[in-house]
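Right, one structure below, let's go through it.
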Amino acid sequence: MPPSKRSGKARLSSQKSSSSSGPTIPAPFQPVPETLQKLFTKDLDKTHVYVTHVDNKPAAFKRKIFLVPVAMNIAVALAFAWRVWTISPFYLSLLRNVFLGEVNSTSFNSSGATWGQMAWEIGRRALTFMLDLVLFIFVWPWPVEFCAGRAHGNPVRWRLSVGFREKEIYVRRSREWDRDLASLLTEPGAKEAFLSVVRQATAPSLIAEKTGYLLMSSQWDLDWALMVKATSLVDSAEVPLEAFGCLVLVHDATQHGWMCLDLSTKRDNVADERRRQVFAFRDALSAAGKEDLFYRWIEIVQFESTRPGGFGEEKQVEVAQKIRDMFAKEDIDFDEFWMASVGSDTIAGM
């Protein structure tokens, strides 16, 4: 039996056993597929949320994207090495002057100096110390983490292990916003905020436009070690590639353990219907000689849906009114025109 069929039966049996043996997981969450429960979630940090997806961008494109941070980190490392090489004599002379009393280029005779000369010397040395401290604390860790990061792996080890593929698994790990997960299932507000962040992170337009490497943000980090782990599970045929489709993993510490939001199948259907609606709306506006309105509408939706804070129900209502006003200036009732051209009163999935 092919691995994909076995995995499909495993996922089905897992969901049945989970729903029958334990408390029912509230919608829209589901039990994690059994294969991932045994082989993948055991390595996850329970205090974080994880998002997995498969990137279908061409391997050559991913290689070009990866060369950018490689070049940047090489440049940073070379600049830091040059700084160390040029500034080391100054610090060595300063240490000899302080601890050995050696008279050298760092010696300063304060007894015969004016206040202006003393202020200049103190300011010059303070700026030198501050610059090197900033470089050491904030800049030097970039190439170190890029090549030798250990907490969650590093990009170099990931690429050496995985290479560049037509289909790559990406795993994102939540950042500081995930601190209220304890109230996720008990407070409607917390649940809605969680779903808003997740919808923004899994938006089809975002995943379609950007390769996975560019999805790091103030809300999400890439977990390099888990990406290597997931790829190895697929390569060994223990888990099918489809299992890492658009999937959100979150842990409930009270009674349910690891839960998931499987967005892959539903998202495909919603995306297809939304695409049909958009094309029908565009054709209708073009026939009415208002094609420019279509592109202005697209710009508003894309801009508002990618702004920080998510694109929840309240924001959608606000943007909808903004669009209605824009169409009204062109003597078009948006709702009536949309209904007549699309055959529905809402945008699929919104």
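Values computed for the structure shown
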read-out: Cα-centre dipole for the chain with unit charges at Cβ (Lys and Arg positive, Asp and Glu negative), debye to 20; value: 1420 debye
read-out: For the range 103-119, Karplus couplings with θ = phi - 60° (6.51, -1.76, 1.60), whole Hz, Gly/Pro x; value: 8, 8, 5, 8, 5, 9, 8, 6, 5, x, 9, 7, 5, x, 5, 5, 5
read-out: Estimated vicinal HN-Hα couplings, Hz - the range 144-161 in sequence order (Karplus 6.51, -1.76, 1.60; Gly, Pro = x); value: 5, 5, 5, 9, 9, x, 10, 4, 10, x, 8, x, 5, 5, 4, 5, 5, 7
read-out: Of Asn104, Asn73, Asn56, the one that fluctuates the most in a GNM where the chain has Cα springs shorter than 10 Å; value: Asn104
read-out: Estimated inter-spin distance, Lys322 and Thr114, nm [label 7 Å along Cα→Cβ]; value: 5.9 nm
read-out: Rounded tilt (10° steps) of 313-328 against the dominant C-alpha axis of the chain; value: 80 degrees
read-out: Among [x] 27.8, 91; [y] 20.4, 65; [z] 19.0, 59, the entry derived from the coordinates for Rg and Dmax of the Cα atoms in Å; value: [x]
read-out: Residue-averaged 222 nm ellipticity for the chain, from DSSP H runs of 4+ at -39500 (n - 2.57), nearest 500; value: -18000 deg cm²/dmol
read-out: Contour minus Cα-Cα distance for Leu67 and Leu92 (0.36 nm per residue); value: 5.3 nm
read-out: Amide hydrogen neighbours beyond the local backbone of Leu222, cut-off 5 Å, H modeled; value: Arg173
read-out: Where GluC sites (Glu not before Pro) in DSSP loops with at most 16 other Cβ within 10 Å are excluded, longest remaining stretch of the chain; value: 1-101
read-out: Cα gyration tensor shape of the range 135-216, rounded if a/c is under 1.5, else prolate or oblate by comparing a/b with b/c; value: oblate
read-out: Segment Lys210-Met339, length gained on full extension (0.36 nm per residue, minus Cα span); value: 43.2 nm
read-out: Helix axis angle, 59-95 relative to the chain longest principal axis, alpha carbon, degrees; value: 20 degrees
read-out: Between 0 and 90°, nearest 10: helix 264-287 axis offset from the chain longest Cα axis; value: 80 degrees
read-out: Violating pairs (Cα-Cα greater than 31 angstrom) within the set Lys191/Lys290; Lys62/Lys315; Lys62/Lys229; Lys64/Lys315; Lys64/Lys322; value: Lys191/Lys290; Lys62/Lys315; Lys64/Lys315; Lys64/Lys322
read-out: Efficiency of FRET between Glu314 and Asp45 - r from beta-carbon atoms, R0 25 angstrom, step 0.05; value: 0.20
read-out: Two-site label geometry, Ala190 and Ala81: point separation in nm, points 7 Å out along Cα→Cβ; value: 5.0 nm
read-out: Max mean-square fluctuation residue, GNM over the chain, Cα-Cα springs under 10 Å, options Val32, Val144, Val197; value: Val144
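Every read-out reported here was derived from the displayed coordinates using simple, explicitly stated rules and does not represent laboratory data. The structure presented is a predicted model; accordingly, all values stated were derived computationally and were not measured. Note that each Cβ is placed from the backbone with ideal geometry, even for glycine, and that neighbours are counted across all protein chains shown.
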